[in-house]
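*Asks:* Quick one: the structure is below, questions incoming.
Laboratory data are not the source of any read-out in this text; all were calculated from the coordinates shown. As the structure is a prediction and not an experimental result, all values here were calculated from the model. Quick reminder, even Gly has a Cβ in these numbers, built from the backbone with ideal geometry, and neighbours come from all protein chains shown.
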Amino acid sequence: MGADLDAGTLLAAYRTGLFPMRVAPNGPIAWWSPDPRGVLPLDGLIVHRSLRRAARRFVVTADVAFQDVVRGCADADRPHGWIDESFIAAYTRLHELGWAHSIEVWEPNGDTELGPLVGGLYGVACGGLFAGESMFHRARDASKVALLAAVELVRAGGGTLFDVQWCTEHLASLGATEIPRSDYLERLADVVTRPQLMLTDPGC
């Protein structure tokens, strides 16, 4: 419990298997390390034909509208919301430093312009780790399309471990699984020493 959301604190936490969430709105920061831990195997994402069709309906970008994605995830109308202005500022700073990344999903608006932002996700990259933090959608399947793009970009960029924190029923339907915390920490100790994964704008 406690500590701060400075960039150095956050990076040290992710490298040791921790991530921050407040225990209640305006409450103290707690540092979580679930057991079991939810992970998404990079070769195990379940992609139905309906998801491939959905992906063709949208435009996907990376690191184009980071703070807009975080604010989408912080929507006060979402149940169990915990992303407040301090988290938005802290992760925006991580993004400015090159450690945090976003995937944006847009409605197309003609051939060259982007329409409204309808989904996305953001997370933190350390070595070969991508730690997914949160995702949102305002159009059907938009968050699934963001996850599909994230997995493809992490894999292409040299990532080897995709952390989803807790394996919810929704994530399990997409291929996420649970592993013991001890196994996660053993894998993490290796992947964070690898070259930094690179996420590039998919341009699609």
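*Asks:* Can you sort Arg71, Arg56 from fewest to most other Cβ atoms within 10 Å of each residue's own Cβ?
*Replies:* Arg56, Arg71
*Asks:* Here's something else I'd like to know. Give the peptides 116-126, 158-168, 89-99 in descending order of average Cβ contacts within 10 Å, highest first.
*Replies:* Averaged packing, sorted descending, gives the order 116-126, 158-168, 89-99.
*Asks:* Remind me, what semi-axes does the chain give for its equivalent ellipsoid, largest first in whole Å, using sqrt of 5 times each Cα gyration tensor eigenvalue?
*Replies:* The answer is 25, 20, 16 Å, longest axis first.
*Asks:* Also, quick follow-up: Starting from the Cα of Glu186, step 7 Å toward the Cβ, then list every residue of segment 133-162 with an amide N under 19 Å from that point.
*Replies:* In segment 133-162, the label zone of Glu186 (backbone N under 19 Å from the point 7 Å along Cα→Cβ) covers 160-162.
*Asks:* Could you quote the convex hull projected area for segment 101-165, Cα atoms only and averaged over all directions, in nm²?
*Replies:* Projected area, direction-averaged: 4.6 nm².
*Asks:* I need to check one value: relative contact order of segment 36-191, counting alpha carbon pairs closer than 8 Å and at least 6 residues apart, in percent.
*Replies:* Rounded, it is 34 percent for segment 36-191.
*Asks:* Can you put Trp31, Trp106, Trp82 in order, fewest other beta carbons within 10 Å first?
*Replies:* Taking fewest neighbouring Cβ atoms as first place, the list is Trp31, Trp82, Trp106.
*Asks:* Now, a different point. For Asp4 and Thr16 in one chain, what is 0.36 nm times their gap in residues minus the Cα-Cα distance, to one decimal in nm?
*Replies:* Length gained between Asp4 and Thr16: 2.7 nm.
*Asks:* Size of the dipole of segment 84-204 about the Cα centre, Lys and Arg at +1 and Asp and Glu at -1 on the beta carbon, nothing else charged, in debye to 20?
*Replies:* The calculated dipole for segment 84-204 is roughly 240 debye.
*Asks:* Under 11 Å from the Cβ of Leu94, count the other residues' Cβ atoms, weight Lys and Arg +1, Asp and Glu -1, and hand me the total.
*Replies:* Surrounding charge for Leu94 is -2.
*Asks:* Can you divide the C-alpha Rg of segment 1-78 by 2.2 N^0.38 Å and report the result to two decimal places?
*Replies:* 1.46
*Asks:* In deg cm²/dmol, rounded to 500, what helix-only [θ] at 222 nm does the chain give when every DSSP H run of at least 4 residues adds -39500 (n - 2.57) and the total is split over its residues?
*Replies:* Taken over the chain, the calculation gives -9500 deg cm²/dmol.
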